[in-house]
Amino acid sequence: MKYTVDYTRLAKADLKELDNSQRQQVRKLIDKVSQNPLPKSEGGYGSPLGHKQGANLTELCKIKLLKLGIRVVYKLVREGEIMKIIIIAARADEEVYSIASRRVDT
């Protein structure tokens, strides 16, 4: 069952910062994952984050575009079936997770 994709205001800004080619690839991946955004352990596409750099990110999942080095971190809202995009970034793991932690708390 397809989940509704919802972008935070900051995630929308992240998407706009990408060039057109990158933006198209990210949107295509998000659309694909929205078909089954569950964690891999439940048969979906998402990779659960758990605890990273002292931050509790257990409610978040990530997907990657390896060739572009872009990570998309999202929160799965099972009630209402929403895939909430938190951050889209071509940054190192540590920085992406730190930013994601701050964005979830806001």
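The values are calculated or read from the model by the stated rules, or taken from the named source; none is laboratory data. Since this is a predicted model, take the numbers as computed values, not measurements. Every residue, glycine among them, receives a Cβ derived from its backbone with ideal geometry; neighbour counts consider all protein chains shown.
Of all the listed residues (Glu95, Glu59), the sole one being of a type in the set (Asp, Glu) and in a strand (DSSP E or B) is Glu59. Considering segment 28-55, and only residues there that are over 20 Å from Tyr7 (Cβ atoms) and in contact (Cβ under 8 Å) with a residue 40 or more places away in the chain, the residue that is surrounded by the fewest Cβ atoms within 10 Å (Cβ to Cβ) turns out to be Gln53. Residue count for segment 1-27 satisfying the condition of being under 19 Å from Leu68 (Cβ atoms) and surrounded by fewer than 11 Cβ atoms within 10 Å (Cβ to Cβ): 4. Residue-level check: of (1) under 15 Å from Thr4 (Cα atoms); (2) part of a strand (DSSP E or B); (3) at pLDDT below 95, Lys75 misses just (3).
The single condition among (1) surrounded by fewer than 18 Cβ atoms within 10 Å (Cβ to Cβ); (2) of a type outside the set (S, T, N, Q); (3) within 14 Å of the chain's Cα centre (by Cα); (4) assigned to a helix (DSSP H, G or I) that Lys64 does not meet is (4).
Among the residues of segment 6-54, those that are over 18 Å from Ala89 (Cα atoms) and assigned to a strand (DSSP E or B) comprise Pro39, Gly50, His51. Applying the selection to segment 78-96, what residues are closer than 21 Å to Gly44 by Cα and either aromatic (Phe, Trp, Tyr) or free of Cβ contacts under 8 Å to residues at least 40 places away in the same chain (or both)? Arg78, Glu79 - these are the residues of segment 78-96 that are closer than 21 Å to Gly44 by Cα and either aromatic (Phe, Trp, Tyr) or free of Cβ contacts under 8 Å to residues at least 40 places away in the same chain (or both).
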